[in-house]
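The values are calculated or read from the model by the stated rules, or taken from the named source; none is laboratory data. What you see is a predicted model, and the numbers here were worked out from it, not measured in a lab. Neighbour counts are summed over all protein chains in view; Cβ atoms, including those assigned to glycine, are modelled from backbone coordinates with ideal geometry.
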Amino acid sequence: MSSKPKPREAEPNFEGAMDRLEKIVEQMESGKLPLEDLIVRYEEGMNLVKICQERLAKAEQKIEIIARNSTGKAIVKDFEPTPEPVAPTKGVDESESTTDEIKLF
């Protein structure tokens with residue numbers, strides 16, 4: 001049997017890769033693995049890190065596409081949780097908005 005890497009479609013999802021990375025770190029930190037096994041686990045861990053980085057980059061791209069304004073220009077903002085809506089004060093017309101921002105939630 002050959003020790004060829006698994007095909008891409010067999011890669012775990014982001015959460016699965018993170019779970020496996022946590023297990024690898026626990027095993028490596030236990031101090032019970034021989035050097036050869038440590039090297040194998042390290043290599044597996046580095047492959048999982050690469051998978052996670054790729055998945056995060058794709059998710060970032062999707063979020064950027066969603067966050068485009070009406071002119072198609074990407075709006076890149078730091079993530080900040082939206083505050084709870086405050087009751088409007090008298091004399092302020094909420095229907096007139098001067099921003100191009102589209103709110104999904």
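Being modelled with pLDDT under 65, surrounded by 10 or more Cβ atoms within 10 Å (Cβ to Cβ) and either under 27 Å from the mean Cα position of the chain (by Cα) or under 20 Å from A17 (Cβ atoms) (or both) narrows it down to one residue among D78, D100; which is it?
Answer to the check: D100.
Going by the structure shown, is T71 modelled with pLDDT under 60 and either in a loop (DSSP other than H, G, I, E, B) or more than 24 Å from K23 (Cβ to Cβ) (or both)?
When the stated conditions are applied, T71 does not pass them.
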